Each structure stands twice: as C-alpha cells, then as structure tokens.
Amino acid sequence: MDRWTNVGSAGLLVIEDGLATYEIGFAIVHFDGVPNEQLPDEIRSGFAEDGLIYLPYNPTLIRTDTTTVLVDFGAGHEAAVEWEEDVGHAAGSLRAAGVSPDQVEIAVITHAHADHLGGLVVPGEGGARAPRFPGARHLLARAEWRYWVEEEPAGVSVEMIPDARRDLHALREAGVLELVDGDEEIADGVRLLPTPGHTPGHLSVLVGSGPETAVVNGDVLLTPWAFAHPEWDSRADVDPELAVRTRRALFDRLVESGGLLFAYHLETPGRVRPAGDAYAFDPA
Ligand SMILES: [Zn+2]
C-alpha cells in the first residue's frame with residue numbers, strides 16, 4: 001500500500017529511489033579521518049557492517065486538488081550503474097504508485113547534485129539527454145543555474161560539475177526548464193522556500209498553511225544526526241556556515257509550526273522538536 005500523508009487538502013507520497021552508501025567523513029566532515037572504532041556510539045550504531053552509512057534517496061510527490069508536483073527524482077538508472085549503488089528506482093516507484101509520467105505537471109529541482117537531478121533526465125537520441133517528464137515545468141532557482149552553468153563553481157568537487165551542466169542544459173534545450181527567484185507560490189498551497197548553503201540556489205518546498213504544513217527538503221540535512229548536531233556540515237555543503245544557519249532556521253521554523261518534515265535523505269517523514277541547544281526528530 002502506498003502511504004500517502006495528508007497535509008491540508010494535499011497528499012504527499014515518498015517515491016523511493018533506493019539506498020546509497022557514503023563514507024561518514026563525507027556526510028559529516030567533523031568525522032573525516034576518524035577511524036571507525038573511535039567514532040561515538042551514536043554514530044557507529046547507524047553504520048552498516050562495512051563501516052559505511054546508508055542514505056536513502058527519497059523524492060516526494062505532492063498532489064493538490066489541481067496540480068501534481070514532484071520534488072527531485074533520484075539519481076537515474078545510468079548513475080546507479082556507474083556508481084554501483086542500489087538507487088535509480090524512482091521511475092518504478094512512481095509507476096507502482098499509479099502515477100503516469102504525463103501526470104507530473106511541475107518538477108522542482110531542489111539543487112543540481114546528481115542524486116537529485118539525474119533521474120529527471122534520460123538518455124535520448126544519439127547520446128543526447130532528454131527530460132523524463134517532457135510535459136512538466138522544471139523549476140530551478142536562478143542562483144543555482146548561475147552557480148553551476150554561468151560561473152566556475154567554487155566549493156564543490158570538480159567531478160560534480162560536468163553532470164550538473166549536462167543535465168541542466170538538456171532540460172534547458174528541451175524548453176522545460178524555468179528559472180525562478182524562489183519564495184513564490186507554484187500551485188495552490190505549495191510554495192518554494194529558498195534554503196541556501198548546501199548549494200547557492202538550494203530550494204525547499206512548503207505545503208499547506210497554518211497548523212497543517214509540511215516542508216519537503218532536499219539537502220538542508222543529510223543524516224539523522226543533523227538534529228542533535230546542526231553545526232556538523234557535510235563535504236557537499238558549498239557554504240558550510242550558511243548551510244548551518246539555514247539548517248537551524250529551518251528546524252526552528254518546523255518547531256514553531258509543528259509541521260511535518262519530508263527530508264530526501266531520511267527514511268521517513270516526521271516532526272522536529274527542541275532538545276537542549278539542538279533538536280530531535282520524531283518519525284511520523
Ligand atoms: Zn542529496
């Protein structure tokens with residue numbers, strides 16, 4: 001059974017793409033170079049046997065009364081094969097949920113990292129790339145486009161740049177990419193929320209209003225330890241200081257609203273509450 005979550009009149013569904021492995025020192029720079037046996041128990045207990053952490057890729061589908069919105073779409077099949085990771089299953093998950101590709105009207109790209117963007121593009125004719133959802137408006141922050149395409153991206157591993165450029169250009173050339181300033185309503189009760197730091201144009205998505213709200217998030221947090229330690233940055237954070245400020249601001253907002261958090265790299269949605277100087281997460 002698909003587990004839709006109702007938020008106001010909207011329904012939200014996690015579209016599982018799979019699980020990928022990461023070195024702890026990548027996901028949490030604080031532990032870079034620290035031998036496994038010296039890691040605190042709270043971290044070690046989250047490890048797989050091989051000393052790597054598993055992070056899910058969880059795109060979210062939002063259905064309002066009038067519009068179907070997708071937030072990110074996994075890594076794509078080709079990347080899964082190349083990386084030898086058990087991801088790239090989002091298309092099958094969407095099909096299993098009974099949603100056909102032509103029903104997706106808006107695809108929000110939280111940011112241009114391959115684990116979020118890659119699945120929105122498929123191999124096309126003659127080695128070119130083409131949109132998986134050719135009928136959908138693909139929304140990307142103008143700041144994200146500028147960073148990856150118009151500038152020489154700083155603060156990022158260089159091997160990420162060609163994939164991001166290739167996929168963004170493919171969407172642009174197909175005429176489906178729209179650059180947005182952020183903080184705007186994209187469907188009835190669905191708003192974009194700029195959450196910069198992980199990347200310069202990182203976007204989150206707000207659903208609902210008043211006490212019934214949800215935030216659908218890309219990479220403001222990468223691991224379940226971000227709640228107890230919002231100050232821990234990841235090697236993928238382009239601007240670590242801004243990423244930490246944004247993370248705390250988002251958690252504060254969720255505490256205040258009592259709304260649900262759908263986070264791309266967490267297994268389930270849940271709610272954030274204060275805990276000492278930091279936060280804790282209760283899976284819903
Ligand atoms: Zn990610």
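The values are calculated or read from the model by the stated rules, or taken from the named source; none is laboratory data. Just so it is clear, the structure is predicted and the values come from calculations on it, not from any experiment. Because the Cβ atoms are built from the backbone with ideal geometry, glycine has one as well, and the counts that use them run over all protein chains shown. In case anyone asks, the SASA skips ligands and DNA or RNA and just uses the protein heavy atoms, side chains included. Shrake-Rupley method; radii C 1.70, N 1.55, O 1.52, S 1.80 Å.
Looking only at residues that are among the acidic types (Asp, Glu) and without any contact (Cβ under 8 Å) to a residue 24 or more places away in the chain in the range 71-128, which one is farthest from residue 198 (Cα to Cα)?
By that ranking, first place goes to 125.
Please work out if residue 158 is open to solvent by 30 Å² or more (accessible area, probe 1.4 Å) and assigned to a loop (DSSP other than H, G, I, E, B).
Values: open to solvent by 30 Å² or more (accessible area, probe 1.4 Å): yes; assigned to a loop (DSSP other than H, G, I, E, B): yes.
Criteria met by residue 158.
Suppose the filter is within 19 Å of residue 219 (Cα to Cα), out of contact with any helix residue (DSSP H, G or I) (no Cβ under 8 Å at 6 or more places or on another chain) and aromatic (Phe, Trp, Tyr); does residue 57 pass it?
When the stated conditions are applied, residue 57 does not pass them.
Mind checking which pairs have a first residue in the range 55-68 that is more than 12 Å from residue 12 (Cα to Cα) and open to solvent by 20 Å² or more (accessible area, probe 1.4 Å) and a second that is of a type in the set (Phe, Trp, Tyr) and within 11 Å of the ligand (Cβ to nearest atom), Cβ under 6 Å, 6 or more apart or different chains?
Matching pairs, first to second residue: none at all.
Let me confirm something: among 282, 219, 239, 252, which residue is in contact with a Ser or Thr (Cβ under 9 Å, 6 or more places away or on another chain), more than 26 Å from residue 133 (Cβ to Cβ) and of a type in the set (Asp, Glu)? Walk me through how you get there before you give the answer.
Details: 282 fails: in contact with a Ser or Thr (Cβ under 9 Å, 6 or more places away or on another chain); 219 fails: more than 26 Å from residue 133 (Cβ to Cβ); 252 fails: in contact with a Ser or Thr (Cβ under 9 Å, 6 or more places away or on another chain).
Just a single option satisfies the conditions, and that option is 239.
From the residues in the range 200-224 that are crowded, with 21+ Cβ neighbours inside 10 Å and over 15 Å from residue 250 (Cβ atoms), which one is farthest from the ligand (Cβ to nearest atom)?
Going through the qualifying residues, I end up with 208.
So, in the range 90-106, of the ones that are open to solvent by less than 10 Å² (accessible area, probe 1.4 Å) and more than 16 Å from the ligand (Cβ to nearest atom), which residue ends up nearest to residue 163 (Cα to Cα)?
Out of the qualifying residues, it is 106.
Take the residues of the range 239-284 that are part of a loop (DSSP other than H, G, I, E, B), under 19 Å from the mean Cα position of the chain (by Cα) and surrounded by fewer than 19 Cβ atoms within 10 Å (Cβ to Cβ): which is nearest to the ligand (Cβ to nearest atom)?
Result: 267.
Only residues in the range 252-269 that are within 15 Å of residue 74 (Cβ to Cβ) count as the first member; pair them with residues that are more than 16 Å from the ligand (Cβ to nearest atom) and open to solvent by 10 Å² or more (accessible area, probe 1.4 Å), Cβ under 7 angstrom, at least 6 apart or cross-chain, and list the lot.
262/269
Within the range 201-236, track down each residue that is in contact (Cβ under 8 Å) with a residue 60 or more places away in the chain and acidic (Asp, Glu).
Result: 212, 219, 233.
Looking at residue 245, is it basic (Lys, Arg) and in contact (Cβ under 8 Å) with a residue 40 or more places away in the chain? Talk me through it step by step, then tell me what you get.
Details: basic (Lys, Arg): yes; in contact (Cβ under 8 Å) with a residue 40 or more places away in the chain: yes.
Yes, satisfied.
Can you tell me which of 178, 144 is open to solvent by 40 Å² or more (accessible area, probe 1.4 Å), within 19 Å of the chain's Cα centre (by Cα) and at pLDDT 95 or above? Full working, then the answer.
Numbers: 144 fails: open to solvent by 40 Å² or more (accessible area, probe 1.4 Å).
Residue meeting the stated conditions: 178.
Among the numbered criteria (1) in contact with a Leu (Cβ under 7 Å, 6 or more places away or on another chain); (2) closer than 23 Å to residue 212 by Cα; (3) open to solvent by 70 Å² or more (accessible area, probe 1.4 Å), which single criterion is violated by residue 86?
Going through (1) in contact with a Leu (Cβ under 7 Å, 6 or more places away or on another chain); (2) closer than 23 Å to residue 212 by Cα; (3) open to solvent by 70 Å² or more (accessible area, probe 1.4 Å) one by one, residue 86 breaks only (2).
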